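The values are calculated or read from the model by the stated rules, or taken from the named source; none is laboratory data. None of the values given here were measured: they were computed from a predicted structure. For neighbour counting, all protein chains shown are included, and Cβ atoms are generated from backbone atoms with ideal geometry for every residue, glycine included.
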Amino acid sequence: MLSNEALAEAALALHLVPDLLDDPAVLYALGMLRWLRYQVGRSPDEDREELAAALLLLLPVYSGSPDAIPDPLRHYLDRHPPGGAFDPDVMAKRAAPFLRSASIREALDSRDDGALSAAIEILRDAVAATPSEDPDRNRLLGPLASVLQAHYEASGDLSELDEAVETGEAAVAAAPVDSAERAGALINLGVALLWSYEHRGDLDDLERAIRTGRQAVAVTRGDSTLQIQARSNLGGALLRRFERRGDPADLDEAIEAHEAAVEASDDHPRRAGFLSNLGVVLRLRYEYRGELDDLNRAVDATEAAVTEAPAGHPDRPGSLMHLGAALWTRYLHLGHVTDLDRAIEAGEAAQAAFPAGVPDGTRSLTNLATLLHTRYMRLGRLEDLNRAIEAGEAALAAVADDVPDRGTVLSNLGGSLSARHDRLGQLADLERAIAVGEAALTVIPADSPSRAGTLTNLGLALHRRFGRLGHHADLDRAIQLSEAAVAATPSQFPDRALYLCNLGADLLTRFQHTGASEDRHRAAAALREAATSRTAPASTRANAGNLWGQAAVAGEDWAEAVEGYSAAIDLLSQVATRDLERPDQEFRLGPLAGLASRAAACCLQAGQVDRAVERLEQGRGVLLGHALDTRTDLSTLEREHPELAAEFIRLRREFDGPAGSPLEFPADGPPVLGFSGADFDLPAAGREIDRRLALAEQFERLTADIRSHAGFERFLLPPPVGELLQAADQGPLVLVNVDEIRSDALLLTTSGVQVVPLPALTPGLVRDQVVALLDALDTAQESAAPSGERDRAEAQLLGILGWLWDTIAGPVLEALDITRAPDERAGEGWPRLWWCPSGLLSLLPLHAAGRHATRFDRSPTTVLDRALSAYTPTVRALMHARRRHAARLTGSPSTDGGQLLVVTMPHTPGERDLPGTVEEAVVLRELFRDRVLLLHGELHPEDAARLEDFVLDPAEVGATYERTAAALPTCRWVHFACHATSDATNPSASRLLLADHRTRPLTVLELTRLRLEDAELAFLSACATARTSLRLADEAIQLAAACQVAGYRRVIATLWPIADRPAVRIAADVYQGLADHGADRAALALHQVVRRRRDLDPTRSSRWAAHVYSGA
């Protein structure tokens, strides 16, 4: 019926019977045909033709019977009677926006390109056809401006944006004062002006947008819907001016505007956008002032925005982009890698959701490049860095030359290219990084706050090129750029400290090459300011303090060096805060490794001996200190302030508990650092971060409250040297400090601190000895190696023991006047001492140092033959091990059953068999009989036969994580006879290999979460359970120290793996010595066994020097 053929037939009938035009019924029929064809919708030109014909045919019908024609036409003609002669084509143009109003609204909602283009043509035609004095023209200008803006947003066509501004200005001028039309026109004009500024960077556009926004807010006070939009738009314009000029008043006003919009928008369809905008300004105020509450609120607001905007919602892409930015910023401040993973997840989703070519899509691509670069810096995955560069290149290709954002795109790309140069060494990457950095400076306005970051990025690239090519002009220019970055940044801005660090590093480098003392003094001043910033993140300030100390050392200003390094050490607990997961804590401490040793060396150079001890103690074992803080003696607090003690215990329990629900790892082991596997629940991880942040805040408030009470002023503060000396009441403590400046042994006795210089000891020599030790052990223990090679390896090990004596142990024992072996027949006891080495020295066997061919001399040059050695990671850890139990019992395991837990794993999937572990269990059974609780792994028939008198139902005694964790609190002693692994990249994941270790490992971290109030002895008859991480040697992140934190007062472990049979013999002999005398003699029992084994085979130190004793 509506086909072209039907239309042709109707035209033919009119031609053949012209009198039909006088018949209303015919006119109605023909008019309805054209109306229905118009309703179907074709091209705008065809629609206009159909509507003009329908009007021409139906107007006579309307004149006689208005109700006969379609309602939309009748309503339009009621409001716009044609009167006299009329032009149907003009009337069709003017009527189309009213008749097509629903489709125009739908086009605005859907942002469909074709629908918007059609709406623009309809509205343009209508405006052109309507006289300027006609009120309808004014009502058409606002919708035309809206659809032009919407189409520009999708197309990026600047001519449409210019037309939108021009049309908007006309709409504002034509609208009655204080009318809804004027309010809407002001809102649209403000948006168009803001977009024009964002594209061209013309500050006049921005100022006009703010003036227009203020007018819109004033006009819309009686209309809540328009008021919400007006406030949100004004907030956006103020934010842009803050970004351009850096006036904090603009930022505060923008937040007030966005908060008002959010508060009033509960049922608004664009509430997600308002929440997202609020998150943006809160994040930026955090970056300006450093107040963590703003940052957490930014994350909350953008998360709520994403929740409010389901898939397909127009505000979802932007909300995801801003959530990613907020999470990224919080990662930089707090260090939660799950925040970074969630940020990338949000950034990738945003990029996928933005239509191609839109400005925000380009901005999202830039942000994603930044996120990927950041994860590369965290995890070192080259794939992330390459993706960051690809995204940066794509963003650069998509952004026009005159767009302000182009500067940020260029600067970020330069940073990623510099990082790839550092990784791969390709000079071309560095040269391009400098080129794009220079280009960025030509784009970013001189008064833009973001210019400082661009200056410092280019300066870093030039510093790198100086290091590569040695051109002093590059270093001089880097200093100029760093100075400009600092000058452009207000003092309270958190990033200022970072720019000061870069300036200090540049100046210090130039001093090292030229010797110009002014550069060193300026470097120290810049770094001092950065270290004492009140708004910068703790990691930035700690790094500044470290560099400040280096600048002072370069001038041999030891007092100032102490000040700088002390500032860094005081910040360590804030760098690795309690709310962080353990891998994040370890990562943040990594760059500050060796800080404590350098600080102690500078203290000694400055003549501050006591402070050297305090700095060395406070700067090592930071994570160990966190754990011990929650295990402090609360008896006095419980007596005097029971309510505070109860709250402390509650928070302690929350911190020590597992983070959220237990993670079930895949069958091939736990994921790598960051837990970014496909099955990891990132939203749940975000909730866990929020939980731990809240706990940390509560913990800090409670600690401050406790310290406010008399007698508790030093609650959980680092102990002063006077308290540390009390730990020497059972024998001296030997703190061995190794540093390039000087190396010393600090001997703590009850009478004070004695300094023993160790001039032959350097970090480089220690490193060489550690490498030699590990290589020699590999050869000595390789059964397939020729015997001659194994012999040479053993000789090398003995040489290392001799070097330890000559360099460290000999001078220490001489200073302590321990010059000979005790006469046991005369009743002389063994003098005791506790070794507390720093850095990589903790991997070497100080207890076995010596030249063992002299073992029978009256004054043997061996530690084993002069003193009874023990180890402690820190003095405070030893004090914890000696704590008085509320109801402590001594002696051998009591007869109440379950007092000695034996965990034996003769067969572990994926590992070599350990048949000797069954023999260890048999020995312990023979010695302690029914006092033994056995948990075991898979048993071969011959193993089961040997254990048949006390092997129970395997379902009840399987050596799983859950059963072991449940049994530990019931037993005061534990013996682990199993494999263990040390994780070099994530030392807290080092673990004992139980039956279910692939899915539920018993790790260092899990052990430190235990609270075993009455534990006495842990014997770790497993591989290298006392070996610490090479990267974080001062943190003592190893299984033996974890057992001490868990509550064991005495721990026997090994520095390296030893063969199955020697391990069995040593364990059996030690327990033989303990059976009658109890755990109090554990150190002596081990000492005697090791000496006997040494005497039997003195040249095979790999078999007898591995076992160490730690604790009380």
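Points worth noting:
- Hits in the stretch 1018-1053 - residues which are surrounded by fewer than 24 Cβ atoms within 10 Å (Cβ to Cβ), among the aliphatic types (A, V, I, L, M) and closer than 16 Å to Leu878 by Cβ: Ala1046
- Flag: Pro1057 matches the condition of being within 40 Å of the chain's Cα centre (by Cα) and surrounded by fewer than 23 Cβ atoms within 10 Å (Cβ to Cβ).
- Test: residue in the stretch 502-511 that is surrounded by fewer than 19 Cβ atoms within 10 Å (Cβ to Cβ) and either in the same structural domain as Phe242 (by TED's automatic domain parsing) or outside any loop (DSSP other than H, G, I, E, B) (or both): yes
- Residue selected from the stretch 219-265 under the condition assigned to a helix (DSSP H, G or I) and over 30 Å from Pro445 (Cβ atoms), by the criterion farthest from the chain's Cα centre (by Cα): Val219
- Inter-residue pairs, beta-carbon under 6 Å, first part of a helix (DSSP H, G or I) and in the stretch 912-939, second β-branched (Val, Ile, Thr) and modelled with pLDDT of 90 or more, 6+ apart: Gly916/Val1064; Thr917/Thr904; Glu919/Val1064; Glu920/Val1064; Ala921/Val902; Ala921/Thr904; Leu924/Val902
- Within the stretch 631-651, residues that are modelled with pLDDT of 85 or more and in a loop (DSSP other than H, G, I, E, B) sit with their Cβ atoms under 9 Å from residues that are surrounded by 12 or more Cβ atoms within 10 Å (Cβ to Cβ) and of a type in the set (Val, Ile, Thr), at 6+ positions apart or across chains, in these pairs: His641/Ile706.
- Test: residue in the stretch 302-309 that is outside any helix (DSSP H, G or I) and within 18 Å of Ala353 (Cβ to Cβ): yes
- Unmet criterion (only one of (1) in contact with a Lys or Arg (Cβ under 8 Å, 6 or more places away or on another chain); (2) closer than 14 Å to Leu1005 by Cβ) for Ile1066: (2)
- When the stretch 715-772 is filtered for residues that are outside any helix (DSSP H, G or I) and among the acidic types (Asp, Glu), the ones remaining, listed by number, are Asp739, Glu740, Asp744.
- When Ser597, Ser573 are checked against the criterion of being touching a residue at least 24 places away in the same chain (Cβ under 8 Å) and surrounded by 23 or more Cβ atoms within 10 Å (Cβ to Cβ), a single residue qualifies: Ser597.
- Considering residues of the stretch 487-501 that are at pLDDT below 95 and of a type in the set (A, V, I, L, M) only, the residue surrounded by the fewest Cβ atoms within 10 Å (Cβ to Cβ): Ala487
Condition check ((1) touching a residue at least 60 places away in the same chain (Cβ under 8 Å); (2) surrounded by fewer than 19 Cβ atoms within 10 Å (Cβ to Cβ); (3) of a type outside the set (Phe, Trp, Tyr)) across all residues:
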| residue | (1), (2), (3) |
| --- | --- |
| Ala54 | no, no, yes |
| Leu57 | no, no, yes |
| Arg79 | no, yes, yes |
| Arg111 | yes, yes, yes |
| Gly114 | no, yes, yes |
| Ala128 | no, yes, yes |
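- Yes/no for Thr807 being without any contact (Cβ under 8 Å) to a residue 24 or more places away in the chain, of a type in the set (Val, Ile, Thr) and surrounded by 12 or more Cβ atoms within 10 Å (Cβ to Cβ): no
- Condition broken by Thr532, with the remaining ones in (1) in contact (Cβ under 8 Å) with a residue 40 or more places away in the chain; (2) over 20 Å from Ala612 (Cβ atoms); (3) surrounded by fewer than 22 Cβ atoms within 10 Å (Cβ to Cβ) satisfied: (1)
- The requirement of being outside any helix (DSSP H, G or I), surrounded by fewer than 18 Cβ atoms within 10 Å (Cβ to Cβ) and modelled with pLDDT under 75 is fulfilled somewhere in the stretch 681-694, by at least one residue.
- The listed residue being surrounded by fewer than 22 Cβ atoms within 10 Å (Cβ to Cβ), among the β-branched types (Val, Ile, Thr), more than 20 Å from Ala309 (Cβ to Cβ) and modelled with pLDDT under 95, out of Thr374, Thr362, Thr338: Thr374
- Some residue of the stretch 361-384 being part of a loop (DSSP other than H, G, I, E, B), assigned by TED's automatic domain parsing to the domain that holds Arg432 and in contact with a Ser or Thr (Cβ under 6 Å, 6 or more places away or on another chain): no
- Sub-6 Å Cβ pairs linking a first residue in the stretch 1089-1112 that is on the phi < 0 side of the Ramachandran plot to a second residue that is among the acidic types (Asp, Glu), at least 6 apart or interchain, are Val1089/Asp1069; Thr1099/Glu794; Arg1100/Glu794, ordered by first then second residue.
- Whether a residue is surrounded by fewer than 23 Cβ atoms within 10 Å (Cβ to Cβ), aliphatic (A, V, I, L, M) and modelled with pLDDT under 95 was assessed, and Ala398 passes this test.
- Candidates Arg137, Arg221, Arg182: the one that is basic (Lys, Arg), without any contact (Cβ under 8 Å) to a residue 60 or more places away in the chain, over 19 Å from Arg94 (Cβ atoms) and crowded, with 19+ Cβ neighbours inside 10 Å is Arg182.
- Any hit, the stretch 344-359, residues being without any contact (Cβ under 8 Å) to a residue 12 or more places away in the chain, among the hydrophobic types (A, V, I, L, M, F, W, C) and farther than 17 Å from Ser416 by Cα: yes
For (1) crowded, with 17+ Cβ neighbours inside 10 Å; (2) polar (S, T, N, Q); (3) more than 29 Å from Met879 (Cβ to Cβ); (4) modelled with pLDDT under 95, each residue gets a yes or a no:
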{"residue": "Leu1074", "(1), (2), (3), (4)": "yes, no, no, yes"}
{"residue": "His1077", "(1), (2), (3), (4)": "no, no, no, yes"}
{"residue": "Ala1082", "(1), (2), (3), (4)": "yes, no, no, yes"}
{"residue": "Leu1086", "(1), (2), (3), (4)": "yes, no, no, no"}
{"residue": "Val1090", "(1), (2), (3), (4)": "yes, no, no, no"}
{"residue": "Asp1097", "(1), (2), (3), (4)": "no, no, yes, yes"}
{"residue": "Ala1105", "(1), (2), (3), (4)": "yes, no, no, no"}
{"residue": "Val1108", "(1), (2), (3), (4)": "yes, no, no, no"}
{"residue": "Gly1111", "(1), (2), (3), (4)": "yes, no, no, yes"}
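- The set of residues in the stretch 157-179 that are of a type in the set (Val, Ile, Thr) and surrounded by fewer than 17 Cβ atoms within 10 Å (Cβ to Cβ) contains only Val177.
- Single residue of the stretch 560-608 satisfying the filter (assigned to a loop (DSSP other than H, G, I, E, B) and among the aliphatic types (A, V, I, L, M)) that is modelled with the lowest pLDDT: Leu580
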